[in-house]
Amino acid sequence: MSVVAAVRPVSERIASELFDRLQLLAAQYSVYTPVSEVIRPTRMGGYTPKHLQVVLTQNDPEVNDELGCPGNPPATAFNLLFNIRCHVMPSERDTTVVDEIINTFDADVVRVVTDASIYGAMWYTLGGFAVNAEFQTRESIDADGSFVGFNLPLLVTYRTDENNPYNVRA
């Protein structure tokens, strides 16, 4: 294995940590939401939306000047928004109230990402790669004019050396 393949940028290590936490939902972490799968899409998509599926994507990182730090080299802070898209597409015969499914799914996602019994009180550092992480307001997802689920954004702030995005800075 090459050295480049063994080391990943801080942003990718954060994405991997978040993905691993969400994978617990597919491994029956919750008795309430039996998640079918958790995926990070390829360039071509590579998945078909289905009921109780989680799709993790990210926006482009934005520089956070207020949290940058002087030094040699200086640290650059970034805000990176992860979109945790949760598909809710029950069968037409399912009599469960859709809002109940959504509220429970939302709660299970928050719980698996923040579980202090697994990650400790500092869950928001995402394995020591981030300075902070906080959930944003839940958003409905509509496709082709019909409801297909919700997005639960997670804003993660992290720092790297200004000249080395592979090096985590406190």
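Between N163 and S140, the C-beta separation translates, for a Förster distance of 35 Å, into a calculated FRET efficiency of about 0.25. When you count the other C-beta atoms within 10 angstrom of each residue and take the mean per peptide, 153-164, 69-80, 91-102 line up highest first as 153-164, 69-80, 91-102. For V88, the residues whose amide H sits under 5 Å from its own are L52, G149, F150, ignoring neighbours fewer than 5 places away on the same chain, with H placed 1.01 Å from N.
Principal-axis analysis of the Cα atoms of the chain puts helix 10-26 at an angle of about 30° to the longest axis. By the gyration tensor of its Cα atoms, with a ≥ b ≥ c the square roots of the eigenvalues, what is the shape of segment 102-170: rounded for a/c under 1.5, prolate for a/b over b/c, or oblate? Oblate, because a/c is 1.5 or more while a/b does not exceed b/c. Take every pair of alpha-carbon atoms less than 8 Å apart whose residues are at least six positions apart; their mean separation over the length of segment 1-140 yields a relative contact order of 23 percent.
Helix-derived [θ] at 222 nm for the chain: sum -39500 (n - 2.57) over DSSP H runs of at least 4, divide by residue count, nearest 500? Spell out each step's value before the answer.
On the way: 4 runs with 42 residues, N = 170.
About -7500 deg cm²/dmol.
On the beta carbon distance between A121 and L155, with R0 = 22 Å, the FRET formula returns roughly 0.70. The H on the amide N of V131, modeled in the peptide plane, is under 5 Å from the matching H of T157, Y158, R159, each at least 5 residues off or on a different chain. For segment 8-169, the percent of C-alpha pairs falling in each 10 Å distance bin, counted from 0 to the bin holding the largest distance, reads 10, 37, 32, 15, 5, 1, 0. Sequence-distant or interchain residues sharing an amide H contact under 5 Å with Q136, placed H: which? Residues meeting the criterion, in which the H sits 1.01 Å from N, are L154, L155. When only the Cβ of Lys, Arg, Asp and Glu is charged (+1, +1, -1, -1), the dipole of the chain relative to its Cα centre reaches about 500 debye. Compared with the dominant principal axis of the Cα atoms in the chain, helix 98-114 is inclined by about 30°.
Suppose R0 equals 25 Å; then what is the FRET efficiency for A170 and N79 from their Cβ-Cβ distance, rounded to the nearest 0.05? Step by step, r from the Cβ atoms, then E = 0.90.
All of the numbers you see were taken from the coordinates with simple rules; none came from a lab. Quantities reported herein were computed from a predicted structural model and do not represent experimental measurements. No Cβ is skipped: glycine too gets one built from the backbone with ideal geometry, and neighbour counts run over all protein chains shown.
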